[in-house]
Amino acid sequence: MASIREVAKLAGVSPATVSRVINGTANVDEEKRQRVLKVIDETGFKPNELARALFKQSSKIIGVIVPNIENPFFNELAKAIEEEAYENGYKILLCNSNNNEEKELMNMQMLNQLKADGLIMVTNSNNTVKRLEENSFPVVLVDRQLSSMNEIAIVESDNYKGGKIATKRVVK
């Protein structure tokens, strides 16, 4: 696969011009822009997503950490997150922690290094929640209310009320 430097050489422009065309960050002479686009098409050039993430401090990735991927609840949760992420131009990176605190922390560190744009997580560990506040991305906890939370968002269901509604429906 061609590099940005090879595209620039073939198009007779600088790598910075190729970058400007790809990212739309500055006006580029239309004739040069067309040459760059033609070379990109001919060579099949694809920008290096990791390099772009490092430069932009954004990977368009949302991390999802669940305790058990075999649990149907977490399958459905991951599916819904992926669909919404895709609709908004994001990808997800799904991690299965097996309720292992060390694995959760390793996954969080990896997501931080990949410049993930956010994390959606299900955890039972207060220690993990304490460490969540150290991350550079937004975090949302799902279906868990833990004692040490400060500024972390949470989405949870009211299981007590749900049980009452279900029972009323059954006894009617």
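The values are calculated or read from the model by the stated rules, or taken from the named source; none is laboratory data. Since the model is a prediction, treat every value here as computed from it, not as a measurement. FYI the Cβ positions are ideal-geometry reconstructions off the backbone, even for glycines, and counts take in every protein chain you see. Note: accessible area is taken over every heavy atom of the protein model, side chains too, but ligands, DNA and RNA are not part of it. Shrake-Rupley method; radii C 1.70, N 1.55, O 1.52, S 1.80 Å.
Could you check how many residues of region 114-171 are closer than 15 Å to Ile62 by Cα and at pLDDT 80 or above?
Qualifying residue count for the region: 15.
Give just the number: which of (1) open to solvent by 20 Å² or more (accessible area, probe 1.4 Å); (2) touching a helix residue (DSSP H, G or I) at 6+ places or on another chain (Cβ under 9 Å); (3) within 25 Å of Asn48 (Cβ to Cβ) does Glu82 not satisfy?
If we test Glu82 against (1) open to solvent by 20 Å² or more (accessible area, probe 1.4 Å); (2) touching a helix residue (DSSP H, G or I) at 6+ places or on another chain (Cβ under 9 Å); (3) within 25 Å of Asn48 (Cβ to Cβ), just (2) comes out false.
Collect the residues in region 24-61 that are of a type in the set (S, T, N, Q) and over 20 Å from the mean Cα position of the chain (by Cα), keeping them in residue-number order.
Passing the criteria: Thr25, Asn27, Gln34, Thr43.
Does region 30-70 hold any residues that are over 20 Å from Ala2 (Cβ atoms) and of a type outside the set (A, V, I, L, M, F, W, C), and which are they?
Those that are over 20 Å from Ala2 (Cβ atoms) and of a type outside the set (A, V, I, L, M, F, W, C): Glu30, Glu31, Lys56, Gln57, Ser58, Ser59, Lys60, Gly63, Pro67, Asn68, Glu70.
Residue by residue through region 8-44, note down the ones that are of a type in the set (A, V, I, L, M, F, W, C), assigned to a loop (DSSP other than H, G, I, E, B) and modelled with pLDDT of 90 or more.
Once the filter is applied, which keeps residues that are of a type in the set (A, V, I, L, M, F, W, C), assigned to a loop (DSSP other than H, G, I, E, B) and modelled with pLDDT of 90 or more, region 8-44 yields only Val13.
Which of the numbered conditions does Leu77 fail, given that it passes all the others? Conditions: (1) under 20 Å from Arg144 (Cβ atoms); (2) of a type outside the set (S, T, N, Q); (3) loosely packed, with under 14 Cβ neighbours inside 10 Å.
Status for Leu77: all satisfied but (3).
When residues of region 1-21 are filtered for being buried (at least 17 other Cβ atoms within 10 Å of the Cβ) and either free of Cβ contacts under 8 Å to residues at least 40 places away in the same chain or in contact with a strand residue (DSSP E or B) (Cβ under 6 Å, 6 or more places away or on another chain) (or both), how many remain?
10
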